[in-house]
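Undergrad: The structure's right below; bear with me while I get my questions together.
The values are calculated or read from the model by the stated rules, or taken from the named source; none is laboratory data. Keep in mind the model is a prediction, meaning the values are calculated, not measured. Cβ placement follows ideal geometry from the backbone for every residue including glycine, while neighbour counts extend to all protein chains displayed.
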Amino acid sequence: MKSNIVIFEILTAYFVLVGGIYTFWNIAENGYIEWAGSIAIILSGALSGFIAFYLALTQKKQGGVLVEDREDSDIDDGDPELGDFSPWSWWPILLAFGASIVVLGLCIGFNFWLSFLTLPILVIGVVGWVYEYYRGNFAR
């Protein structure tokens with residue numbers, strides 16, 4: 001995480017410097033400030049500064065140096081249990097299909113009828129994925 005903090009601090013300094021140069025260059029060349037570019041570049045620096053600040057606070061709250069940043073740590077030291085995933089499950093495919101058709105219906109000309117007709121597929125995919133361990137061969 002320390003390397004991420006340093007990268008975002010470098011990006012912050014870069015964007016603020018480039019934003020200042022861009023603004024000064026527009027004033028010297030054109031006699032006025034080009035507001036869209038100047039604000040976009042400077043606010044990009046502010047955004048990367050916020051991310052660096054957040055990461056620094058997160059690292060401080062986690063107790064300083066993380067396992068990933070230590071030189072003497074092994075791979076298994078920072079490898080937590082991420083969850084229980086079903087490699088044989090077909091429900092995510094049905095859920096992705098239903099969600100994509102619902103969003104497609106909303107995006108292309110606000111075809112609410114397409115979204116309305118495929119909403120049950122989305123609901124079936126969610127319910128099937130949530131309850132797949134409660135029935136069949138893998139019931140617990």
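Undergrad: Condition first: among the aromatic types (Phe, Trp, Tyr) and surrounded by 10 or more Cβ atoms within 10 Å (Cβ to Cβ). Now tell me which residues in segment 43-88 satisfy that.
TA: Those that are among the aromatic types (Phe, Trp, Tyr) and surrounded by 10 or more Cβ atoms within 10 Å (Cβ to Cβ): 50, 53, 54.
Undergrad: Right, here's the next one. Every residue in segment 14-35 that is surrounded by 14 or more Cβ atoms within 10 Å (Cβ to Cβ) and part of a helix (DSSP H, G or I), please.
TA: 14, 15, 16, 18, 19, 20, 22, 23, 26
Undergrad: While we're here: Give me the pairs: first residue in segment 50-66 and assigned by TED's automatic domain parsing to the domain that holds residue 8 and among the polar types (S, T, N, Q), second residue in a loop (DSSP other than H, G, I, E, B) and surrounded by 10 or more Cβ atoms within 10 Å (Cβ to Cβ), beta-carbon distance under 9 Å, and six or more apart or on different chains, which are they?
TA: 58/1; 59/1; 59/65; 59/66; 62/1
Undergrad: Here are some conditions: (1) farther than 23 Å from residue 1 by Cα; (2) in a helix (DSSP H, G or I); (3) not assigned by TED's automatic domain parsing to the domain that holds residue 8. Residue 76 meets all but one. Which one does it not meet?
TA: (1)
Undergrad: Would you confirm, using the coordinates I've provided, whether residue 38 is of a type in the set (Ser, Thr, Tyr), closer than 30 Å to residue 17 by Cα and either surrounded by 11 or more Cβ atoms within 10 Å (Cβ to Cβ) or assigned by TED's automatic domain parsing to the domain that holds residue 21 (or both)?
TA: It is true that residue 38 is of a type in the set (Ser, Thr, Tyr), closer than 30 Å to residue 17 by Cα and either surrounded by 11 or more Cβ atoms within 10 Å (Cβ to Cβ) or assigned by TED's automatic domain parsing to the domain that holds residue 21 (or both).
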